[in-house]
Each structure stands twice: as C-alpha cells, then as structure tokens.
Amino acid sequence: MNDLIFNLAIWQVGLPLLLILAHAFIPSTSRLAVVMRAAALFTALYFAALAGLWLFPPWWTPYLLMILVALGTIFRWRRRTAKGRRRWRIVEPVVALAVGVGASLALLPVFEGRETPADAIDLAMPLGPGRYLVTSGGAAPVINAHMQLLSIQRARPYRGQGYAVDIIGIDWLGRRTTGISPADPTAYFIYGTPVLAPCNGTVALVTTGVADMPVPQMDRENMTGNSVMLACGSHHVLLAHLAPGSVQVAQGDIVETGTQIGRVGNTGNTGEPHLHIHVQQGMPVDAPISGTPQWFTLNGAFYARNDRFVIRE
C-alpha cells in the first residue's frame, strides 16, 4: 500500500468509522442531539462521496458508511439519553449543527463545479469500451486538482491542463485493479485501453520513447509521458500518459474522430495508469501545454470527480 492510499484510508474511512462508533455508543443528552449528530455525519459523508478521491476503497464506500450512520442512529435512538448538565444539552446540538452547516457550505462549490460551463466545447469520447471513473474533473478546485495549478506561478508552463479530466478504469465492483495498489501498471484495468481521437484534426505534437513508471512513482522530467496533441480547429487537445510503443500517429497526420492514436499507459507525471485529456487554446513552441485552458464535454456530458460511465461495444 503506497502512502497516498494509506492516507486516504485513514482520513476517508478510519476517521469516519471512529465518528460513527462514537455516535452509536456515546450517550446523547437528547433525541434532538441524536438527529443533529446523524445529520452532520450524513452531510460530511456526502461531501466525501462527491469530492473525495476514491481509489481504494472504491467509490461506493461513503454510501456504505452512510448506512452505518443510519444503523448507529437507530441504535442510539433506542437507548436512554444521558443526564448531562443543562449547558451540555445546549452545546451538543449546537456543535452538531455547526459541523453540518460547515459540511453544507463545503458542498456548495462541489455542486457548482458540476454544472457545465457556458463556453464548453464538445468532443467525442476518447476511450474504447469499458467501465470508467473520473478521478479529477469539474469546474472547482475541490473536485479538479488541475485547477490548483492556475494560481501557482511556477506551473504556468503547464496551465493548459487547468481544466483537464483524468479517467481510470473500474470493474462492476468499483475496483480499479485486483489488488490495493500493485506496482505493476499493467495490473490496472484501464492499462492498454484504446485511446481514440475525440475530434477531426491534425496531429500537432507527438511525444514518445517514455517508459512506464512503477506505481506510485512519477516521472517529473516527462510530464505528459507519451502523448499526442491534436489541433482541432481553433483548439488543441492533449491525450497523455500513453503506453510505451502504443502511439500510432505521427506529427502532421490528419485524423478523424474515432481514429486510434494509442493506448492508456502509465508514463509521465502520473501516480497510476489513467487517461489525461485537456483542451487548450494555442500551443506555444517553448511550452506546448501552456495555452489557455478551455472547458469541454465528452459526448455532451461534463464530467466531474467521481462521475462514472460505461462505454459499450
């Protein structure tokens, strides 16, 4: 288990479980306080379900935790309330209310970030058949880690990816691999999935010769890894982190929507195999992915973190 997965397990599963146990077994001063505590936990878990990075355990974990909150609430409801001091009888529901309000306020940018921007352009789906999960995407930094780069001066050479979408593959159980975080990138379900041109255009830039990295190591020297930049009208589309030896196009080639250009790999600045796609305006010679980021949809859908979709044969 790598450090990222370990930290996610602690904060997104371990801590909520402790709070749920405390909710179920620590006596409350009133039934109102029981309801307030449950509401705060439900709201916090709903925020985690939409904004959390769910790699392992899978995306449905917060919903399972919500069921545990409901069971804990029923258990606590049937028990006698504690005979605490009057001050605590007031403080307990107020604290629960504050937590619930805080989680609700945190949800506002999550909801807003899932709305399709007015200037988004539409592309075709760039992946072959499979079941997929979006790990980064949307119009708010809390659900799209790429947007955080837009406020960092040293990241200006990479600002074109500010509105990018990252996609991993999952099975019907929500797993992205058969283990927790195996080092072998080929063990991940999305590895080797065909990557297709999402628009008619010309191949503007090709990067090849980059090797896969063992998970979770990242190649900071070759940020996009093996990648293809397409010029589609007034926009440039980057498809990155492709597998070694899989790129099937060359600079200057004219491609049509649906043309296979490569396969998903684990090359470049990536913690595990996924497809990175972003749209930008312009392609500066000295910094090819420093163009102005552009919002986009895929087959009419604006994808945000933890969205799931299936592409059939």
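The values are calculated or read from the model by the stated rules, or taken from the named source; none is laboratory data. Predicted model only: the values in this text are computed from it and were never measured. Methodologically, a virtual Cβ is constructed for each residue, glycine included, from the backbone with ideal geometry; neighbour enumeration extends over all protein chains shown. Ligands, DNA and RNA are stripped out before the accessible areas are found, and what is left, the full protein with its side chains, is counted by its heavy atoms. Shrake-Rupley method; radii C 1.70, N 1.55, O 1.52, S 1.80 Å.
For segment 134-143, the criterion of a residue being open to solvent by 70 Å² or more (accessible area, probe 1.4 Å) and touching an Asp or Glu at 6+ places or on another chain (Cβ under 7 Å) is satisfied by no position. Taking SER104 as meeting all but one of (1) touching a residue at least 12 places away in the same chain (Cβ under 8 Å); (2) surrounded by fewer than 19 Cβ atoms within 10 Å (Cβ to Cβ); (3) in a loop (DSSP other than H, G, I, E, B), write down the number of the exception. Going through the list (1) touching a residue at least 12 places away in the same chain (Cβ under 8 Å); (2) surrounded by fewer than 19 Cβ atoms within 10 Å (Cβ to Cβ); (3) in a loop (DSSP other than H, G, I, E, B), SER104 breaks only (3). Given the conditions (1) touching a strand residue (DSSP E or B) at 6+ places or on another chain (Cβ under 9 Å); (2) closer than 21 Å to ARG131 by Cα, which single one is not true for GLY291? Status for GLY291: all satisfied but (2). Listed by first and then second residue, the pairs linking a residue in segment 182-193 that is without any contact (Cβ under 8 Å) to a residue 24 or more places away in the chain to a residue that is polar (S, T, N, Q) and open to solvent by 60 Å² or more (accessible area, probe 1.4 Å), with Cβ atoms under 7 Å apart and 6 or more places separating them unless they lie on different chains, are ALA187/THR178. Taking segment 26-56 as the range and being free of Cβ contacts under 8 Å to residues at least 60 places away in the same chain and out of contact with any Asp or Glu (no Cβ under 9 Å at 6 or more places or on another chain) as the test, the residues that pass are ILE26, PRO27, ARG31, VAL34, VAL35, ALA38, LEU41, PHE42, ALA44, LEU45, ALA48. Residues that are touching a Pro at 6+ places or on another chain (Cβ under 9 Å) and either buried (at least 17 other Cβ atoms within 10 Å of the Cβ) or in contact (Cβ under 8 Å) with a residue 24 or more places away in the chain (or both) within segment 62-71 comprise PRO62, LEU65, LEU68, VAL69, listed in sequence order. One residue stands out in segment 176-201 among those that are of a type in the set (Ser, Thr, Tyr) and surrounded by 20 or more Cβ atoms within 10 Å (Cβ to Cβ): the one that is farthest from VAL134 (Cα to Cα), namely SER181. Candidates are the residues of segment 15-32 that are part of a helix (DSSP H, G or I) and open to solvent by less than 30 Å² (accessible area, probe 1.4 Å); the one that is farthest from ALA44 (Cα to Cα) is ALA24.
Residue-by-condition table, conditions (1) modelled with pLDDT under 95; (2) aliphatic (A, V, I, L, M); (3) in contact with a helix residue (DSSP H, G or I) (Cβ under 9 Å, 6 or more places away or on another chain):
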residue	(1), (2), (3)
PHE42	no, no, yes
ALA51	no, yes, yes
PHE56	yes, no, yes
TRP60	no, no, yes
ARG80	yes, no, no
TRP88	yes, no, no
GLU92	yes, no, yes
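When restricted to residues that are touching a residue at least 60 places away in the same chain (Cβ under 8 Å) and either open to solvent by 60 Å² or more (accessible area, probe 1.4 Å) or of a type in the set (Asp, Glu) (or both), segment 160-172 contains 1. For segment 202-221, a residue qualifies if it is open to solvent by 10 Å² or more (accessible area, probe 1.4 Å) and either assigned to a strand (DSSP E or B) or touching a Cys at 6+ places or on another chain (Cβ under 7 Å) (or both), and the qualifying residues are THR202, ALA204, LEU205, VAL206, THR207.
Rundown of residues vs (1) under 22 Å from LEU242 (Cβ atoms); (2) within 18 Å of the chain's Cα centre (by Cα), yes/no style:
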site: ILE261; (1), (2): yes, no
site: THR267; (1), (2): yes, no
site: THR270; (1), (2): yes, yes
site: LEU275; (1), (2): yes, yes
site: VAL279; (1), (2): yes, yes
site: GLY282; (1), (2): no, no
site: GLY291; (1), (2): yes, no
site: LEU298; (1), (2): yes, yes
site: ASP307; (1), (2): no, yes
